[in-house]
Amino acid sequence: VRTAKGEMLYHKSYDAHSMCPYVAAWRNYLTDAFKRVAAEVKAMGMYIDEFGKCMTSRTCYATDHGHPVPMGMSPGERLLTRQIREALRPEIATYAEYVPADVASQEMDGAFGHVALDGWRKGYDSVAPHYVNLQRFAVPDFKTFELIYYVPMRNGNWFLLKYPFFNGTGYYLTGSCLQADEHAAAFWKTAYRVLHAHRDAFRSSDVEPLVRTAIPNLFANRFSTQSKNVWTLFNANYRTVRGAILRVRHPAKAAYMDAWNERPVAHQVRDGEATITLEIGPRAVGCVVQAF
């Protein structure tokens, strides 16, 4: 990558240059490296580091790379990720550090995401307190693993763990995150239990964000299979909510479970519709499963 002054872009912190993905020779070199490493280590997944985010600091001004001047990285990254994807065996997952644009996401299997972390840093809580990950629902086959913490989770600093669960995404937890206090550990163990128990629904393509609820500032996402509906819940209120929270279609013989607390859910059926009653604490998550 060349700067506006014509100099090679160099990162002192990495002791490395940034390579321009529009250059065919570089794409071929890196693709061959992925193929070689895949054969050597029999990888199940391969990481394309720092791709997915159009960093303005890496805008390329080179006049001999075959792209307009100046040019951002996103279209070139798509060229390279597609070439890598086509060169590897289909069972090898490819993923990047940032979730790319929806068009480019079709060339990869997944990425680390930063929806909750970026939303919190930028103060989006006032307009979107649920931090819903819209791309996760628009392109459900693209798998996101939310990257939030690099530090031990203690004294309530783990609250951002609630949002990946609400979105039905995966978690990226570094080793230091496992140094958690009892409250943080209890949360993510419960979250993992629910996500694992209903992995068929969370892997489904039949998903819907922000379905209608019966209580203001209580948010719900739906994940469905042919035999169940799963709703993740987030109470954005600073008080406990109680009572009717959801009104949903009631299939014959459907059963309802509070998956978070592992107990049946109170509900009433009338005219083919079930009214679900639940209690959810302030700024807390929940999960209701309708099995039929």
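Answer yes if at least one residue in the stretch 88-106 is open to solvent by 10 Å² or more (accessible area, probe 1.4 Å), in contact (Cβ under 8 Å) with a residue 60 or more places away in the chain and of a type outside the set (A, V, I, L, M, F, W, C), and no otherwise. No, the conditions are met nowhere in the stretch 88-106. Filtering Asn261, Asn167, Asn221, Asn235 for residues that are of a type outside the set (Ser, Thr, Tyr) and over 23 Å from the mean Cα position of the chain (by Cα) leaves a single hit, Asn261. Contact map, the stretch 34-57: first residue on the phi > 0 side of the Ramachandran plot and touching a residue at least 12 places away in the same chain (Cβ under 8 Å), second residue open to solvent by less than 90 Å² (accessible area, probe 1.4 Å) and outside any loop (DSSP other than H, G, I, E, B), Cβ cut-off under 7 Å, separation 6 or more or different chains; pairs are Gly52/Ala96; Gly52/Ala111. From Ala252, Ala244, Ala220, grab the single residue that is closer than 20 Å to Tyr131 by Cβ and either open to solvent by less than 40 Å² (accessible area, probe 1.4 Å) or in a loop (DSSP other than H, G, I, E, B) (or both). Exactly one of Ala252, Ala244, Ala220 is closer than 20 Å to Tyr131 by Cβ and either open to solvent by less than 40 Å² (accessible area, probe 1.4 Å) or in a loop (DSSP other than H, G, I, E, B) (or both), namely Ala220.
Evaluate the stretch 123-131: report whether one residue or more is open to solvent by 20 Å² or more (accessible area, probe 1.4 Å), of a type in the set (D, E, K, R) and at positive phi. No: zero hits. Screening Thr63 against (1) part of a loop (DSSP other than H, G, I, E, B); (2) open to solvent by less than 60 Å² (accessible area, probe 1.4 Å); (3) not basic (Lys, Arg) leaves a single unmet condition, (2).
The values are calculated or read from the model by the stated rules, or taken from the named source; none is laboratory data. As the structure is a computational prediction, the values presented were derived from the model and not from experiment. Ideal geometry is used to build each Cβ from the backbone, glycine not excepted, and the neighbour counts take in all protein chains shown. The accessibility values were calculated without ligands, DNA or RNA, using every heavy atom of the protein model including side chains. Shrake-Rupley method; radii C 1.70, N 1.55, O 1.52, S 1.80 Å.
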